[in-house]
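**Q** What follows is a single structure, and I will ask about it in a moment.
The values are calculated or read from the model by the stated rules, or taken from the named source; none is laboratory data. Treat the numbers as computed from the prediction; the structure is a model and nothing was measured. Neighbour counts run over all protein chains shown; Cβ positions are idealised from the backbone, glycine included.
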Amino acid sequence: MSTILRSHAEQLFAHELEELQKQDSGRRPANWKLTPQSVVTYLVGGILKNGMEITPKYIGSRRLMEISVATLTTDRALLLYGLPGTAKSWVSEHLAAAISGDSTMIIQGTAGTSEEAIRYGWNYARLLSEGPSERALVETPVMRGMKDGKIVRIEELTRIGADVQDTLITILSEKTMPVPELNTEVQAVKGFNVIATANNRDKGVNDLSSALKRRFNTVILPVPDSMDEEIDIVKRRVESFEKVMELPAEKPALEEIRRIVTIFRELRSGVTLDGKTKIKVPSGTLSTAEAISVVNNGLSMAGYFGDGQLKAADLAAGILGAVIKDPVQDKLVWQEYLETVVKPRAEWKDIYRACRDLA
Amino acid sequence: MSIHVLGIRHHGPGSAANVRQFLENLRPDIVLVEGPPEADEILQWADHEDLQPPVAILVYQGDDIKRSVFYPFAEFSPEWQAIRYAKRNNIPVRFMDLPVAHSFALKNEEGPKEETETKEQLPHPMETMALAAGFPDHERWWEHTFEHRRKNEQVFDAILEVMQAMRASDLSRHDREEQLREASMRRIIRQAEKENYKEIAVICGAWHAPALTDMPPQVSDNALLKGLPKVKTECTWTPWSYNRLSYRSGYGAGIHSPGWYEHVWNYPGDDGSRWMANVARLFRENNMDTSVAHVIESVRLAESLAALRGLPKAGLEELNEATVSVLCTGENVMMRLIGEQLIVSNKMGQVPSAIPKPPLQVDIEKYQKKLRLPASADWKDYLLDLRKENDLERSVFLHRLQLLGIEWAQRSEAGGKGTFKEQWRLQWDPAYTIEIIEKGVWGNTVAEAAARFVMAEAEGAASLPKVSQLLSATVPAELPEAVEALIRMLNNLSAASSDVLQLMEVVPPLVSISRYGNVRKTDAAMVTDIATGIITRICISLPNACNSISDDAAQTLLELLYRMNDSVNLLQQPGTTAEWQQMLRMVANGRQTAPVLAGYSTRLLVDGQLLTEEPLVRAFNFAMSQATAPAVAAAWLEGFLKGSGTLLLLDPQLWHVVNNWVATLDEANFNQVLPLLRRTFAHFTHAERRKLGEKVKQDGGEASPLPMETNFEFDANRAAQSLPVVMQLLGYS
């Protein structure tokens, strides 16, 4: 086993990508490693003609993946939008891996991301000694992606300052990056495109200017559709976490996961699962990723401080932490939920007591 | 002589175009269309210029209007195109199907068993075909295979073959009703043959096509159709709407997107540009900036999506997805607008005014006759005594009409005591006929239409006060189904509402329904559950709502608190009462609570025997203590004494506390609190005020110590022993 903490998608799933490429028969857009149909198959999983199974990378709507891939075949860039924890970066990594065979052309957007990080920088030692020249130019992932015709990923686009964001406009509409210092330009090779991700819950981010917005097709990744889908995701991720952390606690019962997912889904959607009663919605996002961390947290609690069995009491603190983000408003919401929904459920007595004791 | 069977999908624009083209090439001398044979006579209206689709043929059982069936037609319905073709070319057109008279009679025999249930459980016969072709559902398969097809040679032959194969593989569907229907269709075709028509065009649902092509011997059909029961039916044209054509209004054989179909019908060659241009126009009308570039980009994305999915042409789904992605920046909110305005579209048809009456009108006239409430242009007053059966029925009827928005009857306040009287003024206006036709889409009887209309209105309003108001209007109309739906809606809305005042307004009517069983068939337990649920919510958020509010807001809340308390007491649920009292304690002791509310809560605790004697005096003194600003103290007192001065008269401890407090006020403070005190005491009855005044006079109005009740034994011997000393001190030795 390699000692790398986390491998890239194209390394982890090299086998699947290779096999898909072999089976591929349709027409590929220029510089794409796979046909659009195969990219979709790679993302949502399926069985190839030779019987090989492709594991699903994204559990959810196939249509959304189709829209994403179709967008990348047009000359518009793709913006993946959604709550934190809805697999935006995950999808973008796998899209890049499947289309270009390379998910490493990435820029992490922060408030401090400068124009040089997106366009190009200078190697100042060379610049001083040789003057402006191609050799003194420091290429960014965007520039390399344009030259090689690859997919470039920009994470958290909205965190980048508005003025810096707008440098993307020319790149996306004219597909060229001028370098006035050298009186030259870099024209994008076919196959170049941009996948950006942004989340729609954070405050204090820089909204895209409408000029830039127009260069992107937006796909909103939703929270999981059905109960079973979400349980499936939580279970898979918790199991992989257990392996990494070598936790002493026993594997969580499906029942416990089901309860967490139920609570999260109900509070998120504002209605009980049977659809009969409406509930107030707390201010937090309550994403699937948070449900996963509540279960992981509970497992650690049970393993190190409890009796090794995941119990309601181990989970209660995590749930409270995830739900109550605003100490006044959310507390009322939670109290109401506890009293009107959790309390009447006969088999939920333990979790009701555990949560009430904490509150 | 030949018979041409054209298998179609009802309301398929592609099918309609094919039918029209086919008929124009064939030039038949008679057209037979799937539909109720009873309606043949009203087909004469079909080319009337005032008859604008969407319209529907309504067939109903004369003596039981609830038994009815609609056959809707849109401009793009193949049946409609066939009828219009026949009328244009002056050739006969006839409906063919099992006469509704028989199918109603058969259903009546079956009893109230729901026939839809069994049908829904079976998968659609075309599902297998769709799956084999790689489509997720049969609708999309059919749409892309037949409706969106541009070249149409032999399309009807293809459909026939597909259906033959499917019918052969699936015999389970040939239930009796279907056999009867197909036998009837064949009978009508044979009749046309007998009348020596040469070219017969038959337009029917695709599923029936094989049964009409390979005809079994006439004898077996005749045997099948012999001796069927029959009822008397009536039929008429009614205006229809696209909204009612869509699935959303619960019409079984409907279509998702009438507006889109109309677009496809009008512009069969559109690659999506025209549709997207419409979308862009709609967005601009709603103040969303949409450029031409947007339109271009979305058409492109829709085309790439279609290519990715291996479709020849972008359909509605691809266009919608492109709209969301390109125009709406991924948000679905605007799609609802597109859905309402373009995909479904709110087009309404019309029918000539000379056409026979709709069933709702018939039902209203029936009641007017039965209840002796004639429709006259002059107004007339009625005083109804609800204890009499006829008057009660009249009241229910009038309430229902009011719910429907037919303003025939105006209610005014009835004089005298008691709730059993209602005063109504009735005045008929011919314009109501239009209203009635319009409301006819909600149901065929007043009760049914009123119930559905109220439910739809409540769903549209989705605000607590409105729903609560509708609920109180619906209760006297005796519509248990609607009341139940409204109560459930109320519950959901109350859960989402953070406005305690609204919640508090909702509770009293709910409690009175649950206590007095105002609605006979409503499940009282359900109402009680919901009422207690709402009270719990109120208990959680009320203490906060009482904090730091203005005097006016406090007065409103005081009134609500008063009514809420009555309701809680009326409900007599120990758990809820305990919760309520707990909440009252919190309000009474809250530091930030508006004083008038704190005072009233304290008083309610006293009434409930939860605060007595010592703690009561302590609480009163605390609220009235010197450190409290006089205005605050007076407000507290107002709340505390709300509604009754008797408490003050009968409780000597309290009397003294209050009396002492007033007496110790200095002049400036007294002037300040005087108006507030006056307001408090003004609410008392005259007798109470007089008694209070007498009591003050009698006590001299001075500050006096709290009377102590002394009750110990007097020891005369010991007292006698002290006498000499006392005498000595006084100088009497």
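**Q** Among A:117, A:136, A:125, which is the only one that is of a type in the set (A, V, I, L, M) and surrounded by fewer than 14 Cβ atoms within 10 Å (Cβ to Cβ)?
**A** Details: A:117 fails: surrounded by fewer than 14 Cβ atoms within 10 Å (Cβ to Cβ); A:136 fails: surrounded by fewer than 14 Cβ atoms within 10 Å (Cβ to Cβ).
Only one candidate qualifies: A:125.
**Q** Please verify whether residue A:99 is crowded, with 16+ Cβ neighbours inside 10 Å and in contact with a Pro (Cβ under 9 Å, 6 or more places away or on another chain), treating the condition exactly as stated. Don't jump to the end; show me each part of the working.
**A** On the way: crowded, with 16+ Cβ neighbours inside 10 Å: yes; in contact with a Pro (Cβ under 9 Å, 6 or more places away or on another chain): yes.
For residue A:99, the condition - crowded, with 16+ Cβ neighbours inside 10 Å and in contact with a Pro (Cβ under 9 Å, 6 or more places away or on another chain) - is met.
**Q** Something else now. Limited to segment B:319-351, what total is found for residues that are within 9 Å of another protein chain (Cβ to nearest Cβ) and acidic (Asp, Glu)?
**A** If we filter segment B:319-351 for residues that are within 9 Å of another protein chain (Cβ to nearest Cβ), which is where we start, we get B:321-322, B:324-326, B:328-332.
Restricting the remaining residues to those that are acidic (Asp, Glu) gives B:321, B:331.
Here the count works out to 2.
**Q** Select from segment A:99-145 the residues that are of a type in the set (Val, Ile, Thr), within 25 Å of the chain's Cα centre (by Cα) and farther than 17 Å from residue A:189 by Cβ and list them in ascending order. If you could, list the steps in order and put the result at the bottom.
**A** Within segment A:99-145, the first condition is being of a type in the set (Val, Ile, Thr), and the residues that meet it are A:99, A:104, A:106-107, A:110, A:113, A:118, A:138, A:140, A:142.
Keeping just the survivors that are within 25 Å of the chain's Cα centre (by Cα) gives A:99, A:104, A:106-107, A:110, A:113, A:118, A:140, A:142.
Within segment A:99-145, A:104, A:106, A:107, A:110, A:113, A:118 meet the criteria.
**Q** I've got another one for you. Assess whether residue A:292 counts as being within 30 Å of residue B:500 (Cα to Cα), away from chain B (no Cβ under 14 Å) and hydrophobic (A, V, I, L, M, F, W, C).
**A** Taking the combined requirement at face value, the residue does not satisfy it.
**Q** Does residue B:307 satisfy being part of a helix (DSSP H, G or I) and among the small types (Gly, Ala, Ser)? Working first, answer last.
**A** Details: part of a helix (DSSP H, G or I): yes; among the small types (Gly, Ala, Ser): yes.
The answer is yes for residue B:307.
**Q** Could you please find all residues in segment B:488-498 being within 15 Å of residue B:461 (Cβ to Cβ) and either surrounded by fewer than 23 Cβ atoms within 10 Å (Cβ to Cβ) or at the interface with chain A (Cβ under 9 Å from one of its Cβ atoms) (or both)? If you could, list the steps in order and put the result at the bottom.
**A** From segment B:488-498, those within 15 Å of residue B:461 (Cβ to Cβ) are B:488-490, B:492-494, B:496-497; that's our starting set.
Correct list: B:488, B:489, B:492, B:493, B:494, B:496, B:497.
**Q** In addition: Taking segment A:44-64 only, how many residues are without any contact (Cβ under 8 Å) to a residue 12 or more places away in the chain and within 24 Å of residue B:318 (Cβ to Cβ)? Quick ask: steps written out before the conclusion?
**A** Step one: of segment A:44-64, the residues without any contact (Cβ under 8 Å) to a residue 12 or more places away in the chain are A:46-47, A:51, A:53, A:63.
Of the ones still in play, those that are also within 24 Å of residue B:318 (Cβ to Cβ) are A:46, A:63.
Result for segment A:44-64: 2.
**Q** Another one. Just name the residue that is farthest from residue B:622 (Cα to Cα) out of those in segment B:667-703 that are part of a loop (DSSP other than H, G, I, E, B) and at pLDDT 75 or above. Reasoning before the result, please.
**A** Here is the first cut: in segment B:667-703, the ones part of a loop (DSSP other than H, G, I, E, B) are B:683-685, B:700-703.
The next check asks that each one be at pLDDT 75 or above; those that pass are B:683-685.
On the way: B:683: 24, B:684: 24, B:685: 28 Å.
Ranking the candidates gives B:685 first.
**Q** What is the residue count in segment A:188-206 for residues that are within 11 Å of another protein chain (Cβ to nearest Cβ) and modelled with pLDDT of 85 or more? Spell out the reasoning first.
**A** We begin by selecting, within segment A:188-206, every residue within 11 Å of another protein chain (Cβ to nearest Cβ); these are A:198, A:200.
Imposing the further condition that a residue be modelled with pLDDT of 85 or more reduces the set to A:198.
Residues in segment A:188-206 being within 11 Å of another protein chain (Cβ to nearest Cβ) and modelled with pLDDT of 85 or more: 1 in total.
**Q** Checking residue B:325 against (1) farther than 28 Å from residue B:151 by Cα; (2) modelled with pLDDT under 85, which single condition isn't satisfied?
**A** With (1) farther than 28 Å from residue B:151 by Cα; (2) modelled with pLDDT under 85 applied to residue B:325, the lone miss is (2).
**Q** Any chance segment A:319-328 includes a residue that's more than 14 Å from chain B (Cβ to nearest Cβ), within 19 Å of residue A:254 (Cβ to Cβ), out of contact with any Pro (no Cβ under 8 Å at 6 or more places or on another chain) and at pLDDT 85 or above? Show your work before the answer.
**A** Step one: of segment A:319-328, the residues more than 14 Å from chain B (Cβ to nearest Cβ) are A:319-325.
Filter again for within 19 Å of residue A:254 (Cβ to Cβ), leaving A:319.
Narrowing further to those that are out of contact with any Pro (no Cβ under 8 Å at 6 or more places or on another chain): A:319.
Next cut, at pLDDT 85 or above only: A:319.
Looking for residues that are more than 14 Å from chain B (Cβ to nearest Cβ), within 19 Å of residue A:254 (Cβ to Cβ), out of contact with any Pro (no Cβ under 8 Å at 6 or more places or on another chain) and at pLDDT 85 or above, one finds at least one in segment A:319-328, hence yes.
**Q** Which pairs have Cβ atoms under 6 Å, sit 6 or more apart or on different chains, and link a residue in segment B:215-235 that is closer than 21 Å to residue B:109 by Cβ and touching a residue at least 12 places away in the same chain (Cβ under 8 Å) to one that is in a loop (DSSP other than H, G, I, E, B) and not hydrophobic (A, V, I, L, M, F, W, C)?
**A** Partner pairs satisfying both residue conditions: B:232/B:62; B:234/B:62.
A quick yes/no check of all residues on (1) in contact (Cβ under 8 Å) with a residue 60 or more places away in the chain; (2) surrounded by 13 or more Cβ atoms within 10 Å (Cβ to Cβ):
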site: A:131; (1), (2): no, no
site: A:142; (1), (2): no, yes
site: A:146; (1), (2): no, yes
site: A:151; (1), (2): yes, yes
site: A:154; (1), (2): no, yes
site: A:190; (1), (2): yes, no
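**Q** (1) out of contact with any Gly (no Cβ under 6 Å at 6 or more places or on another chain); (2) among the acidic types (Asp, Glu); (3) within 21 Å of residue B:101 (Cβ to Cβ): which one isn't true of residue B:270, the others all being true?
**A** Of everything listed in (1) out of contact with any Gly (no Cβ under 6 Å at 6 or more places or on another chain); (2) among the acidic types (Asp, Glu); (3) within 21 Å of residue B:101 (Cβ to Cβ), residue B:270 misses just condition (3).
**Q** All but one of (1) surrounded by fewer than 18 Cβ atoms within 10 Å (Cβ to Cβ); (2) free of Cβ contacts under 8 Å to residues at least 24 places away in the same chain hold for residue A:339; state the number of the condition that does not hold.
**A** The failed condition is (1).
**Q** Test of understanding: among B:375, B:354, which residue is outside any helix (DSSP H, G or I), more than 11 Å from chain A (Cβ to nearest Cβ) and within 30 Å of the chain's Cα centre (by Cα)? Full working, then the answer.
**A** On the way: B:354 fails: within 30 Å of the chain's Cα centre (by Cα).
Result: B:375 is the single residue among B:375, B:354 that is outside any helix (DSSP H, G or I), more than 11 Å from chain A (Cβ to nearest Cβ) and within 30 Å of the chain's Cα centre (by Cα).
**Q** Suppose we filter segment A:256-272 for residues that are in contact (Cβ under 8 Å) with a residue 12 or more places away in the chain, within 13 Å of chain B (Cβ to nearest Cβ) and not hydroxyl-bearing (Ser, Thr, Tyr); how many remain?
**A** Selection size over segment A:256-272: 2.
**Q** Pull up segment B:259-315, narrow it to residues that are within 11 Å of another protein chain (Cβ to nearest Cβ) and hydroxyl-bearing (Ser, Thr, Tyr), then point me to the one that is surrounded by the most Cβ atoms within 10 Å (Cβ to Cβ).
**A** Per the criteria, the residue is B:298.
**Q** Now for a different question. Could you list, in sequence order, the residues of segment B:85-123 that are modelled with pLDDT under 80 and either assigned to a helix (DSSP H, G or I) or touching an Asp or Glu at 6+ places or on another chain (Cβ under 8 Å) (or both)?
**A** B:107, B:108, B:109, B:110, B:115, B:116, B:117, B:118, B:119, B:120, B:121
**Q** In addition: Scanning segment A:273-286 for residues that are closer than 15 Å to residue A:262 by Cβ and more than 14 Å from chain B (Cβ to nearest Cβ), which turns out farthest from the chain's Cα centre (by Cα)?
**A** A:273
**Q** Which helices (runs of 4 or more DSSP H) sit wholly inside segment B:612-665 and have at least 3 residues that are modelled with pLDDT of 70 or more and touching a Pro at 6+ places or on another chain (Cβ under 6 Å)?
**A** Counting at least 3 such residues, we get B:630-640.
**Q** Here's a follow-up. Going residue by residue through segment B:569-583, is there one that turns out to be crowded, with 21+ Cβ neighbours inside 10 Å and more than 32 Å from the chain's Cα centre (by Cα)?
**A** yes
**Q** Could you please let me know if residue B:451 is touching a residue at least 12 places away in the same chain (Cβ under 8 Å), more than 14 Å from chain A (Cβ to nearest Cβ) and crowded, with 22+ Cβ neighbours inside 10 Å?
**A** Numbers: touching a residue at least 12 places away in the same chain (Cβ under 8 Å): yes; more than 14 Å from chain A (Cβ to nearest Cβ): yes; crowded, with 22+ Cβ neighbours inside 10 Å: yes.
In short, yes.
**Q** Being in contact (Cβ under 8 Å) with a residue 40 or more places away in the chain and either outside any helix (DSSP H, G or I) or over 22 Å from the mean Cα position of the chain (by Cα) (or both) is the filter here, so list the residues in segment A:33-43 that pass it. Show your work before the answer.
**A** First pass over segment A:33-43, keeping only residues in contact (Cβ under 8 Å) with a residue 40 or more places away in the chain: A:33-34, A:38-39, A:42-43.
Listed by number, the residues that qualify are A:33, A:34.
**Q** Also, quick follow-up: When segment B:283-297 is examined, which residues are found to be among the aliphatic types (A, V, I, L, M) and in a helix (DSSP H, G or I)?
**A** Initial filter on segment B:283-297 (among the aliphatic types (A, V, I, L, M)): B:288, B:292-293, B:295-296.
Those that are among the aliphatic types (A, V, I, L, M) and in a helix (DSSP H, G or I): B:292, B:293, B:295, B:296.
**Q** Show the residue pairs meeting these rules: Cβ distance below 7 Å; 6+ apart or different chains; first residue within segment B:562-575 and without any contact (Cβ under 8 Å) to a residue 60 or more places away in the chain; second residue among the polar types (S, T, N, Q) and surrounded by 14 or more Cβ atoms within 10 Å (Cβ to Cβ).
**A** Correct list of pairs: B:568/B:576; B:568/B:577; B:573/B:532.
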